[in-house]
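What follows is a short report on a single structure.
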Amino acid sequence: MQQDTLLTAGQQLTASPQLTANESPDAETVIIDTGCANLSSVRFAFERLGAKVLVTDDKAKIKAAKRVVLPGVGTAGVAMASLHEKGLVELIQGLTQPVLGVCLGMQMLAAISKERGGKGQDCECLGIIPTDICELDAQLLKAESLPLPHMGWNQLKLTTNSQGANSPNVHPLFAGIEDGSYVYFVHSYRAPLSEFTLAECTYGEGFSAAIGKGNFMGVQFHPEKSAAVGAQILRNFLQMDELQMNKALMNKALQSNSADGQAGVNKADQ
């Protein structure tokens with residue numbers, strides 16, 4: 001069953017069945033109704049920034065949105081089953097606008113999750129970002145007297161993939177965010193550090209606090225619960241559109257090619 005709710009700052013209105021994202025130009029951001037996520041905190045965080053968002057599982061409205069949020073709580077298996085039931089998997093995989101996965105929503109962007117939920121095999125995820133989701137190292141955490149799940153405030157370290165807040169090539173999601181900023185985590189599973197890591201965190205081991213590939217990005221932490229830093233990250237996302245993402249990615253590719261070329265010249269001079 002498709003469910004739409006047009007959300008405005010300070011009020012909630014039930015949208016008519018005929019309403020689409022294009023017919024409501026102020027609601028340019030869509031939060032996907034996965035059917036298994038508590039959307040209230042994410043919704044209210046956007047509302048506090050004065051944004052109007054549409055919560056829906058309608059394919060046409062998701063595809064027409066200027067930007068899309070993939071939320072998630074619970075287990076990967078249940079969340080992916082819900083996306084399959086709603087027929088949203090291939091749609092999400094084909095989106096070209098900025099897409100932000102939050103917490104479990106980030107993990108669903110990966111290839112597989114080891115969170116089996118009592119089943120005998122790994123959970124196949126969306127396969128958008130080629131990394132796997134595994135449980136935090138329980139033995140390592142025990143040795144360091146750290147509880148599982150990882151719950152509470154912890155620090156971000158921006159990686160070379162996001163270039164740092166003072167770089168002209170900063171990833172748009174982390175514009176204005178400084179190394180060492182604190183954000184709020186609640187999770188037992190994580191993405192490892194990889195070439196797709198935009199920000200990392202340490203909790204017994206290093207792991208990806210944020211990952212990204214192309215127009216898709218995800219954060220393991222909860223920006224909606226991360227005070228001013230989280231609000232800035234959501235504000236950055238609200239300023240993104242497909243054109244801006246393409247420009248940023250092109251600039252990053254040009255800088256990477258330039259760096260590779262310079263490295264080749266330096267090597268040749270040796």
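The values are calculated or read from the model by the stated rules, or taken from the named source; none is laboratory data. Everything numeric here is computed off the predicted structure, so don't read it as measured data. Backbone-built Cβ (ideal geometry, glycine too); neighbour counts: all protein chains shown. For the accessible areas, the whole protein counts, side chains as well, though only heavy atoms, and no ligand, DNA or RNA atoms are used. Shrake-Rupley method; radii C 1.70, N 1.55, O 1.52, S 1.80 Å.
Quick rundown of the values:
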{"item": "Sites LYS119 and GLN239 - FRET efficiency at Förster radius 51 Å, r taken between beta-carbons, to 0.05", "result": "0.80"}
{"item": "List TYR182, TYR189, ordered by accessible area with a 1.4 Å probe, largest first", "result": "TYR182, TYR189"}
{"item": "Protection proxy ranking, peptides 107-113, 240-246, average beta carbon neighbours within 10 Å, highest first", "result": "107-113, 240-246"}
{"item": "Hypothetical label at ASP132: residues of the stretch 187-205 whose amide nitrogen lies under 14 Å (7 Å Cα-Cβ projection)", "result": "190-193"}
